[in-house]
Amino acid sequence: MATKKDAEKQPNQTQPEETEHKQSASSKAVAEDAGSELNMNQEIDELVQTLQGNLSEIEVEDGLSLIDHWHGVLSQVKEPAAKELASSLKDLQKMLKGGKATGHEVSEALIHLGEQTAEFRADAEKGSKQSVQKLGKQLRKAGTSIAKAEDQEYHEQLDSLMEKAEGEELTALDSEEAVGAIDFWYTVLQKAEGEQFKQVANSLKSLKQALSRGNAKPETIAKALVEVGQQTTEIASEAPRGFKGVIQKLGKHLNQAGESLTQKEEAK
């Protein structure tokens, strides 16, 4: 039979076991946190590798799925910076789903995400700071790359249009080819910011309507060409760097085509 003295000793005998259990639980929690951090770093590194590749080869559905995944991850993080990142990802997802975003719009969204990610680095776990920094840098780089790719595409199309304008008279182009050139130039202007660009786009629309009718009077087409040419020359000074010269030349050729057509009609 246990004495009172023995009963008083009993709790002291179990104390080491409780302490050992608590230490074991604490070690397990630390190990789980370390494992979770390692997995997160691996995921971030995989995302960086994806962004380093050719983004044009990524299917839209795959891109949306990737955004969904990271939105879910960030939504579970308590820091305000993570919530802002999640919100920006949602905006990018809406943009991609709409299917009407320009390369420059996607570029701006990615660069903004990169800047936010760089800011989030301060709140990231110590072991994740380097991975988060790399991700922010790569997001900005990917955004810049997309903008350059779209600019390059515009340059190639403008160069093609200029070759037609310089190689033969614009008035000699068949209606289908002329309308195709107008559609391209109209699309470029619609994406540009500024009322002056919209005015040229409206003039192009009028020129396209005249050509599409098939029975438009030559003087009507000539007047439209001169108007578009003059407006195009005027906006050249406000065009983005690298586009000024080619746009000015295009305006000049459009204006010359209109004047040439007018002279031919007057000579009849």
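Would you be able to say whether some residue in the range 87-99 is surrounded by fewer than 16 Cβ atoms within 10 Å (Cβ to Cβ) and at pLDDT below 85?
yes
What tally of residues in the range 25-53 results from selecting those that are part of a helix (DSSP H, G or I) and modelled with pLDDT of 70 or more?
Initial filter on the range 25-53 (part of a helix (DSSP H, G or I)): 25-52.
Remaining after also requiring modelled with pLDDT of 70 or more: 39, 41-52.
The qualifying residues number 13.
Looking at Asn202, Asn215, which one is polar (S, T, N, Q), within 29 Å of the chain's Cα centre (by Cα) and surrounded by fewer than 17 Cβ atoms within 10 Å (Cβ to Cβ)?
Going through Asn202, Asn215 in turn, just one is polar (S, T, N, Q), within 29 Å of the chain's Cα centre (by Cα) and surrounded by fewer than 17 Cβ atoms within 10 Å (Cβ to Cβ): Asn202.
Can you pull out the residues in the range 70-110 that are within 18 Å of Ile44 (Cβ to Cβ) and among the hydrophobic types (A, V, I, L, M, F, W, C)?
The answer is Trp70, Val73, Leu74, Val77, Ala81, Ala82, Leu85, Ala86, Leu89, Leu92, Leu110.
Failed condition for Asn255, given (1) modelled with pLDDT of 75 or more; (2) surrounded by 15 or more Cβ atoms within 10 Å (Cβ to Cβ); (3) closer than 19 Å to Gly103 by Cβ, with all others met?
(3)
The values are calculated or read from the model by the stated rules, or taken from the named source; none is laboratory data. Because the structure is a prediction, the values reported are computed rather than measured. Don't worry about glycine lacking a Cβ; one is built from the backbone with ideal geometry, like all the others, and counts go over all protein chains shown.
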